[in-house]
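S.K.: Before I ask anything, here is the structure I am working with.
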Amino acid sequence: MSHNTFGHLFRVTTFGESHGPAMGCVVDGCPPGIPLVEADIQRDLDRRRPGQSKFVSQRREPDTVKILSGVFQDERMKKQVTTGSPIALLIENVDARGKDYAEIRDKFRPGHADYTYWAKYDGIRDYRGGGRQSARETAARVAAGAIARKVLDTLYRRVAVRGALVQIGNRAIDRKRWDWKEIPRNPFFCPDAKMAAEWAVYLDAIRKRGSSIGAIVEVVAEGIPAGLGAPVYGKLDADIAAAMMSINAVKGVEIGAGMRAAELSGEENADEMRKGARGRPRFLSNQAGGILGGISSGQPIVVRFAVKPTSSILTPRRTIDVKGNNTTISTKGRHDPCVGIRAVPVGEAMLACVLADHALRHRAQMG
Ligand SMILES: Cc1cc2nc3c(=O)[nH]c(=O)nc-3n(C[C@H](O)[C@H](O)[C@H](O)COP(=O)(O)O)c2cc1C
């Protein structure tokens, strides 16, 4: 597996497998002098961690992060800061249970990546938890994202990259009830308290049936100035779409009005401009999702992505085994009934990493 790195100046390489000893990443290109301690990273990891409610995987992973390099305690500044050298982060796997996968070792889960990994890597496939195809890998992305947030805060002050679950199955939130403060109060990262209560009943029934369901996540970055993005082959929207699409189970990505832009008239789609404060424009709407011509406009950057339903389900499904025989499969073990929930901090992290990379690239070209 040869492509485990993303980003140009803020470069993230992740490593590790679901049932190996540890996950981790190396973040290369982080500027020096940024205060960074493990607690800064742990905060984000704790939001992605499994086992926190009955609506997510029951695997018990504390996801405790260790910083192995790239920081030092500066006695003059009286704090631990980045040095500019590679920052290596380690997250141990402590609750892997390989036996859960013995039954499906030689079968392909429909909808999962078992068959394609097997076909691509000449039959070598780490079936224990899916190895590298497992979303355990996203813990490393979230850890890197916490560093990206610090880079953005250092460059621009007051940047907020926040995500929310806005739809499970066919049940979407009511945007009029959107309240960011609601998100930590329910197990879904849902900004609509009423819909969170409805989802609890809906998802419980799906979970008890041994089934699963898809979802939509929305991530918003505020405080990003105009100018990030590198036309024409490093457009900000193109890089964000690629980053989101690289998250496990993501099947669709849209920015701003996204697919709905097809239904809009030119008048509706035009984000009209007025004179704003401090010589900056004030936009009257944000159909563009904060990006025009691949460059940030200074408006909030709004990204949505759809995740498919978890393919590891209890309901028997028809499949084949590695010898090509017809068989059936029913996947036991500890799985997320709706992966959209824990994908929220992952989406935030990917957006933060892309923005940090583009911020450094913008600075490199424009000073
Ligand atoms: C946070 C998160 C948790 C996930 N948990 C599971 C899981 O418990 N069981 C499962 O079969 N897939 C899970 N997935 C999805 C698989 O990792 C993914 O479907 C698989 O790697 C195949 O890749 P693809 O769906 O991107 O094609 C999860 C995805 C995310 C983002």
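The values are calculated or read from the model by the stated rules, or taken from the named source; none is laboratory data. Owing to the predicted nature of the structure, the values given are computational and were not obtained by experimental measurement. Counting neighbours? That spans all protein chains shown, and the Cβs are built from the backbone with ideal geometry, glycine included. To get the accessible areas, we keep the full protein, side chains included, count just its heavy atoms, and leave off ligands, DNA and RNA. Shrake-Rupley method; radii C 1.70, N 1.55, O 1.52, S 1.80 Å.
S.K.: Which ones in the stretch 147-165 are within 16 Å of the ligand (Cβ to nearest atom) and either under 16 Å from Ser311 (Cα atoms) or of a type in the set (A, V, I, L, M, F, W, C) (or both)?
M.R.: Across the stretch 147-165, the qualifying residues are Ala164, Leu165.
S.K.: Output the residues belonging to the stretch 37-53 that are more than 14 Å from the ligand (Cβ to nearest atom) and assigned to a loop (DSSP other than H, G, I, E, B).
M.R.: Result: Val37, single match.
S.K.: Identify the single condition in (1) in contact with a Pro (Cβ under 8 Å, 6 or more places away or on another chain); (2) among the hydrophobic types (A, V, I, L, M, F, W, C); (3) more than 16 Å from the ligand (Cβ to nearest atom) that Cys30 does not satisfy, given that it satisfies every other one.
M.R.: (1)
S.K.: Out of the residues in the stretch 102-116 meeting the condition of being more than 9 Å from the ligand (Cβ to nearest atom) and in contact (Cβ under 8 Å) with a residue 12 or more places away in the chain, tell me which one is farthest from Met245 (Cα to Cα).
M.R.: Glu103
S.K.: Is it fair to say Glu137 is within 16 Å of the ligand (Cβ to nearest atom), acidic (Asp, Glu) and part of a helix (DSSP H, G or I)?
M.R.: Judged against the criteria, Glu137 is a match.
S.K.: So, restricting to helices (runs of 4 or more DSSP H) that lie completely within the stretch 172-279, which ones have at least 2 residues that are under 30 Å from His362 (Cβ atoms) and of a type in the set (A, V, I, L, M, F, W, C)?
M.R.: Answer list for the stretch 172-279: 236-245.
S.K.: Given the criteria in contact with a Gly (Cβ under 9 Å, 6 or more places away or on another chain) and either of a type outside the set (Phe, Trp, Tyr) or touching a residue at least 60 places away in the same chain (Cβ under 8 Å) (or both), does Ile173 qualify?
M.R.: no
S.K.: I've got another one for you. Given the conditions (1) within 16 Å of the ligand (Cβ to nearest atom); (2) surrounded by 14 or more Cβ atoms within 10 Å (Cβ to Cβ); (3) not aromatic (Phe, Trp, Tyr), and given that Pro281 satisfies all but one, which numbered condition is not satisfied?
M.R.: (1)
S.K.: For the stretch 163-170, indicate whether the set of residues that are assigned to a loop (DSSP other than H, G, I, E, B), surrounded by fewer than 22 Cβ atoms within 10 Å (Cβ to Cβ), free of Cβ contacts under 8 Å to residues at least 40 places away in the same chain and out of contact with any Lys or Arg (no Cβ under 6 Å at 6 or more places or on another chain) is non-empty.
M.R.: Within the stretch 163-170, one or more residues are assigned to a loop (DSSP other than H, G, I, E, B), surrounded by fewer than 22 Cβ atoms within 10 Å (Cβ to Cβ), free of Cβ contacts under 8 Å to residues at least 40 places away in the same chain and out of contact with any Lys or Arg (no Cβ under 6 Å at 6 or more places or on another chain).
S.K.: Considering each residue of the stretch 288-303, count those that are open to solvent by 40 Å² or more (accessible area, probe 1.4 Å) and either without any contact (Cβ under 8 Å) to a residue 40 or more places away in the chain or touching a helix residue (DSSP H, G or I) at 6+ places or on another chain (Cβ under 6 Å) (or both), and give that number.
M.R.: So the count comes out to 1.
S.K.: Taking Glu182 and the conditions (1) free of Cβ contacts under 8 Å to residues at least 24 places away in the same chain; (2) surrounded by 20 or more Cβ atoms within 10 Å (Cβ to Cβ); (3) within 13 Å of the ligand (Cβ to nearest atom), which numbered condition does it fall short on, given that it satisfies the others?
M.R.: (3)
S.K.: Being at negative phi and touching a Leu at 6+ places or on another chain (Cβ under 9 Å) narrows it down to one of Val151, Val166, so name that one.
M.R.: One residue alone meets the criteria, Val151.
S.K.: Could I ask something else about it? All but one of (1) of a type outside the set (Phe, Trp, Tyr); (2) modelled with pLDDT under 95; (3) touching a Cys at 6+ places or on another chain (Cβ under 9 Å); (4) open to solvent by 40 Å² or more (accessible area, probe 1.4 Å) hold for Pro86; which doesn't?
M.R.: (2)
S.K.: To continue, here is another question. Would you point out the residue of the stretch 12-21, among those that are open to solvent by 20 Å² or more (accessible area, probe 1.4 Å) and in contact (Cβ under 8 Å) with a residue 60 or more places away in the chain, that is farthest from Leu68 (Cα to Cα)?
M.R.: Checked the stretch 12-21; the qualifying residue farthest from Leu68 (Cα to Cα) is His19.
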